[in-house]
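Down below is the structure, laid out as structure tokens.
The values are calculated or read from the model by the stated rules, or taken from the named source; none is laboratory data. What you are looking at is a predicted structure, and each value in this text was computed from that prediction instead of being measured. Don't worry about glycine lacking a Cβ; one is built from the backbone with ideal geometry, like all the others, and counts go over all protein chains shown.
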Amino acid sequence: MENASKALIIAGAILLAILIISLGILIYNQAAGVVNNNAMSDVERQNFNTKFTQYEGTQRGTTVRSLLQAVLSNNLSQDDNDRKVVVSLKDGSKTENIITESSTSAPTDKISTGATYKISFTYGSSGGNTGLVDTISIVKQ
């Protein structure tokens with residue numbers, strides 16, 4: 001009888017040890033999932049890009065000014081430089097970055113409201129912004 005009670009105590013201790021180890025593995029896997037999931041999901045990436053891609057193609061100057069305001073608003077609200085957007089303007093043979101990661105105002109005076117502009121995008125392919133709009137190119141027509 002004494003051996004049977006010792007066997008039950010040992011079996012209970014083994015089951016308790018297995019339960020504790022399983023719980024530890026479960027917590028570890030959940031924590032690893034959170035750490036590895038710091039990148040944006042496809043939906044988040046699409047929502048981020050939509051703020052800018054709606055302006056793609058040939059646009060009038062007033063629409064381009066709205067785009068510059070949207071980019072500036074995005075850049076000021078982002079803490080991560082990988083999610084900030086650079087805007088370059090090509091006017092004739094002259095190309096310049098009119099909005100950078102550190103810009104605090106949109107240079108709307110460089111965009112003529114009556115002119116036509118072609119807007120295109122470059123998407124990031126390295127770092128934390130894979131698939132996000134990285135650079136917006138504006139070419140005066």
Report whether or not residue 68 is under 19 Å from residue 116 (Cα atoms) and either at pLDDT below 90 or touching a Pro at 6+ places or on another chain (Cβ under 8 Å) (or both).
-> yes
Which ones in the range 51-63 are among the hydroxyl-bearing types (Ser, Thr, Tyr) and either part of a helix (DSSP H, G or I) or touching a helix residue (DSSP H, G or I) at 6+ places or on another chain (Cβ under 7 Å) (or both)?
-> 53, 55, 62, 63
Within the range 112-132, track down each residue that is modelled with pLDDT under 90 and among the hydrophobic types (A, V, I, L, M, F, W, C).
-> 132
Lone qualifier among 122, 53, 135 - being exposed (fewer than 14 other Cβ atoms within 10 Å of the Cβ) and touching a strand residue (DSSP E or B) at 6+ places or on another chain (Cβ under 7 Å) = 122
Unmet criterion (only one of (1) in contact with a helix residue (DSSP H, G or I) (Cβ under 6 Å, 6 or more places away or on another chain); (2) assigned to a helix (DSSP H, G or I); (3) of a type outside the set (A, V, I, L, M, F, W, C)) for residue 112 = (2)
Among residues belonging to the range 64-104 that are in a helix (DSSP H, G or I) and touching a residue at least 40 places away in the same chain (Cβ under 8 Å), point out the one that is surrounded by the fewest Cβ atoms within 10 Å (Cβ to Cβ).
-> 82
